[in-house]
Ligand SMILES: [Mg+2]
């Protein structure tokens, strides 16, 4: 059961933070470099996400097929998303607003209200999409939780991320949940200090090189890339090949062995 954080209770979260409050794995400090905390990304690491954006984008293209070619529409939508990230943050609501903005743009401000209504409707559908776990998701979190503190670190719309976590059935496995506006080195420094012995003794894994791997390595921790076959263009980045704290996992089934290897 989830319950509000209580003073002195472990584990705890903040703002978007909920806490598990029952079992905290013993963290035995075998050395100053021993890992204490494992951070999991959520979308397209533990459960499907990007495919719902792709499906919606296809419907958006059909809605506006009289006004723009699909490739051109995709480019304009991506540009709108890029412009709007600083205003709306990550998540479905910002995506819907960017679709509306793009519809106004490609129709030279003549988009029918019925199309706007349809865009809003497909956005609401996205907010109801079912949660489908990726292979090994539950087993990987359970295995990591046997020996380490495990935290979920995700960004996006707060309500939507809370909904997805609740529906995933994984919530009670985590010692803490952090829903942040962006995944920056500073965010990782703070989170891993709050839930362990700092980023240097933390490991973050996820499908986004840009958000899950690079900023964690910059914060001094381990960045583990778990590639997913669909990737949002704005999450792409070069891999830090050769960095001693960078690893790639084909899927979550290999996590336990990797944790044991790193120590
Ligand atoms: Mg992700």
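The values are calculated or read from the model by the stated rules, or taken from the named source; none is laboratory data. Remember, predicted model here, so these are calculated numbers, not experimental data. Glycine gets a Cβ as well: all are built from the backbone with ideal geometry, and neighbour counts include every protein chain shown.
In the range 248-262, the residue that is farthest from the ligand (Cβ to nearest atom) out of those that are touching a residue at least 12 places away in the same chain (Cβ under 8 Å) and under 15 Å from residue 201 (Cα atoms) is 262. Going residue by residue through the range 219-234, is there one that turns out to be in a helix (DSSP H, G or I) and either buried (at least 18 other Cβ atoms within 10 Å of the Cβ) or modelled with pLDDT of 95 or more (or both)? Looking for residues that are in a helix (DSSP H, G or I) and either buried (at least 18 other Cβ atoms within 10 Å of the Cβ) or modelled with pLDDT of 95 or more (or both), one finds none in the range 219-234, hence no. Answer yes or no as to whether residue 137 is assigned by TED's automatic domain parsing to the domain that holds residue 258, touching a residue at least 60 places away in the same chain (Cβ under 8 Å), surrounded by fewer than 24 Cβ atoms within 10 Å (Cβ to Cβ) and touching a helix residue (DSSP H, G or I) at 6+ places or on another chain (Cβ under 7 Å). Spelling it out, residue 137 is indeed assigned by TED's automatic domain parsing to the domain that holds residue 258, touching a residue at least 60 places away in the same chain (Cβ under 8 Å), surrounded by fewer than 24 Cβ atoms within 10 Å (Cβ to Cβ) and touching a helix residue (DSSP H, G or I) at 6+ places or on another chain (Cβ under 7 Å). Quick one: how many residues across the range 52-75 are crowded, with 18+ Cβ neighbours inside 10 Å and more than 24 Å from residue 42 (Cα to Cα)? The total comes to 5. Looking only at the range 198-238, residues that are away from the ligand (no atom under 16 Å from the Cβ) and at negative phi come to 10 in all. Inclusion of residue 203 among residues that are touching a strand residue (DSSP E or B) at 6+ places or on another chain (Cβ under 8 Å), more than 28 Å from residue 33 (Cα to Cα), assigned by TED's automatic domain parsing to the domain that holds residue 216 and surrounded by 20 or more Cβ atoms within 10 Å (Cβ to Cβ) is not warranted. Residue-level analysis places residue 119 among those that are at pLDDT 95 or above and surrounded by 17 or more Cβ atoms within 10 Å (Cβ to Cβ). Here residue 183 fits the description: at pLDDT 95 or above and either part of a loop (DSSP other than H, G, I, E, B) or in the same structural domain as residue 94 (by TED's automatic domain parsing) (or both). Screening residue 43 on (1) within 16 Å of the ligand (Cβ to nearest atom); (2) surrounded by fewer than 21 Cβ atoms within 10 Å (Cβ to Cβ) shows it passes everything except condition (2).
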